[in-house]
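A.B. asks: Below is one structure. I have some questions about it.
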Amino acid sequence: MQLNVLLLPGDGIGVEVTREARKVLEQVGRVFGHTLKISEALLGGIAIHKTGDPFPEDTRELAAEADATLMGAVGLPEFDNAPPDKRPERGLLGIRKALGVYSNLRPVRSYKALLDSSPLKNELVDGVDMIIVRELTGGVYYGTPRGISGAGLEERAVNTMTYTRGEIERIAQMAFELARKRRKKVTSVDKSNVLENSQLWRRVVVDVAKQYPDVAVDHMLVDNCAMQLVLNPKRFDVVLTENMFGDILSDEGAVLAGSIGMLPSASLGPKRPSGAWTGLYEPVHGSAPDIAGQNKANPFGAIGSVAAMLEYSFGLTREAQAVNAAVENVLNSGRVTADLKPAGKAATTSEVGDAVCEALQPARKEVGAAKS
């Protein structure tokens with residue numbers, strides 16, 4: 001199979017973690033006999049520096065042509081006070097809109113080897129396995145009107161949270177379909193005691209749930225959900241929520257995984273004629289400019305995003321499972337970066353990527369045995 005992938009390293013540690021993710025993807029190609037076509041393009045702060053645009057037209061065209069896009073991270077402190085259209089994050093919002101990806105899947109899983117890395121008690125974290133399904137193209141991040149106007153004491157800012165029934169239905173259906181393949185439970189998160197937007201959200205989720213009588217559904221206010229994520233995280237299977245709430249809650253999930261560097265994500269849009277999802281894949285973490293260029297960044301989130309890409313955009317379930325198994329083997333070996341508090345000397349970013357590639361070698365033998 002030919003895998004046509006666009007790589008967008010972005011800013012800060014994005015360059016380092018996507019380098020390791022690429023190594024792992026190339027190793028998958030060698031082990032399982034796939035041909036890779038990998039292109040690179042600019043997005044975010046680096047794109048502003050080189051083209052003046054956080055989402056250049058060349059990047060837009062390459063993303064449209066690719067079967068899947070793998071990103072690093074965007075954002076640099078020097079742009080903190082820049083106008084909205086000249087901020088790196090505008091590039092991220094732009095590519096999500098261009099690809100039509102509306103469903104952001106953020107798995108949160110605890111690993112035995114990392115239980116001590118979480119600040120929570122081991123018995124709370126052990127066995128956590130959830131997926132946060134975040135609506136990605138609506139809500140306050142995209143709603144209009146928006147902006148800052150006026151001056152002095154009358155200066156004011158406006159952002160608009162808006163959703164249509166159709167937008168809520170399609171993300172809810174995604175959550176329920178995923179739940180059917182898992183433990184058959186959806187927790188829908190909103191703020192319906194205050195927001196009319198959330199009242200519509202809850203009504204639509206109730207309607208969609210009727211199509212899935214085999215899946216249990218409950219509803220939770222977002223502030224309670226934030227508390228339950230640290231008090232009783234094992235109660236969750238599939239968490240369904242809107243754009244901003246999902247952004248915040250999924251970062252809280254990093255406490256359960258041991259480090260935000262562990263969290264991959266998949267942003268999915270319309271299915272292609274082949275049945276594969278249009279996909280944009282990226283680790284959840286930011287660009288971390290304070291450690292950029294030091295070979296310290298945790299690449300597991302980016303490597304996990306490769307596994308998600310193999311599964312959702314290429315239908316390569318066996319390959320995805322091999323990558324995830326290799327990640328777990330490396331975690332068990334203790335060859336991890338400093339953020340995961342290793343017992344011995346911390347591994348570098350590149351050493352972790354090499355270790356995952358090495359752990360994929362047994363898969364090469366299994367493939368060879370199957371062919372013979």
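Values quoted throughout were computed directly from the atomic coordinates according to the rules given, and no laboratory measurement underlies them. Just so it is clear, the structure is predicted and the values come from calculations on it, not from any experiment. Note that each Cβ is placed from the backbone with ideal geometry, even for glycine, and that neighbours are counted across all protein chains shown.
A.B. asks: Using a Gaussian network for the chain with springs between C-alpha atoms less than 10 Å apart, which of these wobbles most: GLY75, GLY147, GLY269?
C.D. replies: In this elastic network of the chain, the residue with the biggest mean-square fluctuation among GLY75, GLY147, GLY269 is GLY147.
A.B. asks: Further, regarding this structure: Considering only VAL15, VAL208, VAL323, give the residue with the highest GNM mean-square fluctuation for the chain, with springs between Cα atoms whenever their separation is below 10 Å.
C.D. replies: Largest GNM mean-square fluctuation: VAL208.
A.B. asks: Follow-up question, since we're still on this one. Given a Förster distance of 30 Å, report the FRET efficiency between GLU177 and ALA338 from their Cβ-Cβ distance, rounded to the nearest 0.05. If you can, show how the numbers build up before the last one.
C.D. replies: Values: r = 38 Å, r/R0 = 1.28.
The pair GLU177/ALA338 has a calculated efficiency of 0.20.
A.B. asks: What is the stretch 119-256 by shape, rounded, prolate or oblate, if you read a ≥ b ≥ c off the alpha carbon gyration tensor as root eigenvalues and call it rounded for a/c under 1.5, prolate for a/b larger than b/c, and oblate otherwise?
C.D. replies: Verdict is oblate for the stretch 119-256.
A.B. asks: Calculated FRET efficiency, LYS112 and THR144, Cβ-Cβ r, R0 45 Å, to nearest 0.05?
C.D. replies: Step by step, r from the Cβ atoms, then E = 0.45.
A.B. asks: Charges at C-beta only: +1 for Lys and Arg, -1 for Asp and Glu. How large is the resulting dipole of the stretch 99-161 about its Cα centre, in Debye rounded to 20? If you can, show how the numbers build up before the last one.
C.D. replies: Numbers: 7 positive and 7 negative charges, 29 e Å.
It works out to roughly 140 debye.
A.B. asks: Here's something else I'd like to know. In the stretch 119-256, what % of DSSP beta bridges are antiparallel (nearest 5)? Let's see the in-between values first.
C.D. replies: Values: 3 of 17 bridges.
So the antiparallel bridges in the stretch 119-256 amount to around 20 percent.
A.B. asks: Just for the chain, what percent of DSSP beta bridges are antiparallel, to the closest 5?
C.D. replies: Working: 17 of 45 bridges.
Counting DSSP beta bridges with both partners in the chain, the antiparallel share is about 40 percent.
A.B. asks: Tell me the label only: which of (1) -0.23, -0.91, -1.19, -1.32; (2) -0.22, -0.93, -1.28, -1.45; (3) -0.38, -1.04, -1.13, -1.19 is log10 I(q)/I(0) by the Debye sum over Cα atoms at q = 0.06, 0.12, 0.14, 0.15 Å⁻¹ as calculated from this structure?
C.D. replies: Derived directly from the coordinates: (2).
A.B. asks: Taking the square root of 5 times each eigenvalue of the Cα gyration tensor, what semi-axes in Å does the equivalent ellipsoid of the stretch 1-65 have, largest first? Write out the running numbers ahead of the final one.
C.D. replies: Working: eigenvalues 125, 43, 5 Å².
Over the Cα atoms of the stretch 1-65, the semi-axes work out to 25, 15, 5 Å.
A.B. asks: Let me ask another. What order, most packed first, do the peptides 118-128, 3-13 have when packing is the mean number of other Cβ atoms within 10 Å of each residue?
C.D. replies: Details: 118-128: 15.1, 3-13: 24.5.
Sorting 118-128, 3-13 by mean packing, highest first, produces 3-13, 118-128.
A.B. asks: In addition: Once amide H atoms are built 1.01 Å from N in the peptide plane, which residues 5 or more positions from GLU40, or in another chain, come under 5 Å H to H?
C.D. replies: LEU7
A.B. asks: What is the spin-label model distance, in nm, from ALA98 to ASN122 if the labels are put 7 Å beyond Cα along the C-beta direction?
C.D. replies: 4.8 nm
A.B. asks: A follow-up question, please. Which of the peptides 256-263, 94-101, 30-37 is most tightly packed, and how do the rest follow, judged by the mean count of other Cβ atoms within 10 Å per residue?
C.D. replies: Working: 256-263: 24.8, 94-101: 19.0, 30-37: 14.5.
Result, highest mean first: 256-263, 94-101, 30-37.
A.B. asks: Express in nm, to one decimal, how much length is gained between ALA64 and ASN193 on full extension, taking 0.36 nm for each residue of separation and deducting their alpha carbon distance.
C.D. replies: Values: separation 129, 0.36 × 129 = 46.44 nm, distance 4.05 nm.
Length gained between ALA64 and ASN193: 42.4 nm.
A.B. asks: Could you tell me how far the Cα centroid of the stretch 68-121 sits from the Cα centroid of the stretch 291-336, in Å?
C.D. replies: Rounded to whole Å, the Cα centres lie 16 Å apart.
A.B. asks: If you don't mind, there's one more thing I want to ask. Run the dipole for the stretch 1-135 about the Cα centre, Lys and Arg Cβ at +1, Asp and Glu Cβ at -1, nothing else charged, and hand back the magnitude in debye, nearest 20.
C.D. replies: On the way: 17 positive and 20 negative charges, 45 e Å.
Once rounded to the nearest 20, the dipole reads 220 debye.
A.B. asks: Mind listing P(r) for the stretch 51-145? All alpha-carbon pairs, 10 Å bins, whole percents.
C.D. replies: Calculated over all Cα pairs of the stretch 51-145, the distribution is 13, 32, 28, 22, 7, 0 percent.
A.B. asks: Right, next: Have a look at SER192, SER350, SER274 and tell me which one the Gaussian network model of the chain (Cα, springs below 10 Å) gives the largest fluctuation.
C.D. replies: Checking each option, the largest mean-square fluctuation is seen for SER274.
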